[in-house]
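Visitor: One structure, pasted below without further comment.
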Amino acid sequence: MKINCRQASRLISQGLDQPLNQWQYVRLRVHLWMCGNCRQFSHQLQLLQQAARKAGRGE
Amino acid sequence: MIAHADLEAELAYLQRYALAQLRDRDAANEIVQETVLAALESGDSFSGKSSLRTWLTSILRFKLIDRLRRKGKEVLFESLEDETDDSDFDGLFSKDGHWQDKIKAWSGPEESLMSRQFWEVFERCSEVMPRRTAMAFVMREVMGLDIAEICNNLDVTATNCSVLLYRARMSLRECFEIRWTGEAKA
């Protein structure tokens with residue numbers, strides 16, 4: 001079953017906090033492979049996370 | 001020994017940091033004071049290998065986490081329902097759940113640029129964020145706590161916790177986006 005971008009965006013966020021289960025992981029990977037928008041979104045959330053952590057360490 | 005002038009220069013930064021978590025100016029000022037006193041008392045342990053800011057931040061972070069753990073659960077009166085519903089992002093997606101607009105690459109930011117402007121963007125963005133949402137984000141991303149501890153502190157389920165973090169990230173992403181695209185135009 002395919003997931004849409006909205007569902008993918010939730011999984012991308014969730015994956016930053018805890019490991020996804022296999023069902024979620026596989027579907028997200030397939031979606032990201034096909035969807036440039038979601039790859040960009042995922043990259044931006046990672047940048048945001050790294051920036052927050054750096055700020056949190058006073059760097 | 002730390003020069004007092006150097007210390008003073010970091011006060012605004014520390015206050016911003018404390019305020020993001022505590023959301024109460026008096027409480028933030030109090031913990032910043034404690035941090036600075038602790039720093040002055042143990043001035044010798046500052047090796048100069050890390051920056052003064054990094055060192056002070058690590059003391060503040062420790063104090064914030066300690067306070068969080070001692071104080072126990074946060075008392076929050078806002079309804080959780082409003083915060084665990086992500087329908088306010090409906091406008092970003094089409095009916096079938098695809099992005100309404102193309103997600104453009106941010107032209108400006110490297111990670112270091114973003115982290116330097118982080119507090120500024122966060123401060124403005126979190127003004128319109130529900131309290132629990134902003135707090136969940138700070139606990140998770142700034143202080144690096146794990147989900148179980150955040151759920152426990154905010155007294156929400158793991159599922160609700162995920163939604164809070166999702167909402168915070170969606171909002172902050174938009175705030176950064178406005179900043180980068182705005183700067184690109186200027």
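The values are calculated or read from the model by the stated rules, or taken from the named source; none is laboratory data. Owing to the predicted nature of the structure, the values given are computational and were not obtained by experimental measurement. Positions of Cβ are backbone-derived with ideal geometry, glycine not excepted, and every protein chain shown enters the neighbour counts. Only protein heavy atoms, including side chains, enter the accessible area calculation; ligands, DNA and RNA are left aside. Shrake-Rupley method; radii C 1.70, N 1.55, O 1.52, S 1.80 Å.
Visitor: Relative contact order, percent, of chain A when contacts are C-alpha pairs under 8 Å separated by at least 6 residues?
Guide: It rounds to 37 percent for chain A.
Visitor: Then there is this: Nothing charged except the Cβ atoms of Lys and Arg (+1) and of Asp and Glu (-1): what's the magnitude of the dipole of chain B about its Cα centre? Round to the nearest 20 debye.
Guide: Once rounded to the nearest 20, the dipole reads 320 debye.
Visitor: Dividing the alpha-carbon radius of gyration of the range B:4-71 by 2.2 N^0.38 Å (N being the number of residues), what value is obtained?
Guide: Relative to the rule-of-thumb radius for its length, the range B:4-71 sits at 1.06.
Visitor: Provide the per residue accessible area, probe 1.4 Å, for chain A, rounded to a whole number of square angstrom. Walk me through the numbers on the way to the answer.
Guide: Working: 3100 Å² over 59 residues.
For chain A, the per-residue accessible area is 53 Å².
Visitor: If a/c stays under 1.5 just call it rounded; otherwise compare a/b with b/c (prolate if a/b is bigger, oblate if not). Do that for the range B:1-137, with a ≥ b ≥ c from the square roots of the Cα gyration tensor eigenvalues.
Guide: oblate
Visitor: Of the cross-linked pairs A:54/B:104; A:2/B:73; A:2/B:102, which ones have a Cα-Cα span greater than 29 Å in the structure shown? Walk me through the intermediate numbers first.
Guide: Values: A:54/B:104 24 Å; A:2/B:73 39 Å; A:2/B:102 20 Å.
Among A:54/B:104; A:2/B:73; A:2/B:102, the Cα-Cα distance tops 29 Å for A:2/B:73.
Visitor: How high is the relative contact order of chain B? Use alpha-carbon pairs under 8 Å, at least six apart in sequence, and give a whole percent. Provide the component values of the computation, followed by the final result.
Guide: On the way: 124 pairs, mean separation 43.3, N = 186.
About 23 percent, as a whole number.
Visitor: With the full set of protein chains in place, find how many percent of the accessible area of chain B is carbon and sulfur; take the probe as 1.4 Å.
Guide: Ligands and nucleic acids excluded, carbon and sulfur reach 49 percent.
Visitor: Moving on to the next point. Provide the per residue accessible area, probe 1.4 Å, for the range B:4-71, rounded to a whole number of square angstrom.
Guide: Heavy-atom SASA per residue in the range B:4-71 reads 58 Å².
Visitor: Excluding ligands and nucleic acids, what accessible area in Å² is computed for residue B:66 using a 1.4 Å probe, to the nearest 10?
Guide: Result for residue B:66: roughly 60 Å² accessible.
Visitor: Starting from one equal scatterer on each C-alpha and no solvent at all, send me the Debye-based log10 I(q)/I(0) for the range A:20-59 at q = 0.18 Å⁻¹, two decimals.
Guide: Once normalised to I(0) and log-transformed, intensities are -0.61.
Visitor: Order A:1-9, B:138-146, A:23-31 from most to least packed using the mean count of other Cβ atoms within 10 Å. Let's see the in-between values first.
Guide: Working: A:1-9: 17.6, B:138-146: 20.0, A:23-31: 14.9.
Answer by packing, highest mean first, reads B:138-146, A:1-9, A:23-31.
Visitor: May I ask you to derive the FRET efficiency for residue A:33 and residue B:94 from their Cβ-Cβ distance with R0 = 22 Å, giving the value to the nearest 0.05?
Guide: 0.60
Visitor: Using a Förster radius of 35 Å, what is the FRET efficiency between residue B:54 and residue B:157 based on their Cβ-Cβ separation? Nearest 0.05, please.
Guide: The formula returns an efficiency of 0.50 here.
Visitor: If you roll a 1.4 angstrom probe over the protein chains with everything in place, what fraction of the accessible area of chain A belongs to carbon and sulfur, to the nearest %?
Guide: Values: 1640 of 3100 Å².
C and S atoms contribute 53 percent here.
Visitor: Now for a different question. Going by average Cβ density within 10 Å per residue, which order do the peptides B:99-105, B:127-133 take, highest to lowest?
Guide: Per-residue Cβ counts within 10 Å, averaged per peptide and sorted highest first, yield B:127-133, B:99-105.
Visitor: So if I place +1 on the C-beta of Lys and Arg and -1 on the C-beta of Asp and Glu, and nothing else carries charge, what would the dipole magnitude of the protein assembly as shown be about its Cα centre? I want it in debye, nearest 20.
Guide: Computed charge dipole of the protein assembly as shown: roughly 860 debye.
Visitor: If you don't mind, there's one more thing I want to ask. Give the calculated FRET efficiency between residue A:7 and residue B:9 to the nearest 0.05, with a Förster radius of 51 Å applied to their Cβ-Cβ distance.
Guide: Details: r = 46 Å, r/R0 = 0.91.
Plugging the Cβ-Cβ distance into 1/(1 + (r/R0)^6) gives 0.65.
Visitor: I'd like the interface area for chains B and A: accessible area of each alone minus the complex, both sides summed, 1.4 Å probe, protein heavy atoms only. What is it in Å² to the nearest 100?
Guide: Separately minus together, B and A give about 3100 Å² buried.
Visitor: Right, another one. On average, how much accessible surface per residue is there in the range B:80-185, in Å², for a 1.4 Å probe, leaving out ligands, DNA and RNA? Can you show the working numbers first?
Guide: Details: 4960 Å² over 106 residues.
Spelled out: the 1.4 Å probe surface of the range B:80-185, per residue, equals 47 Å².
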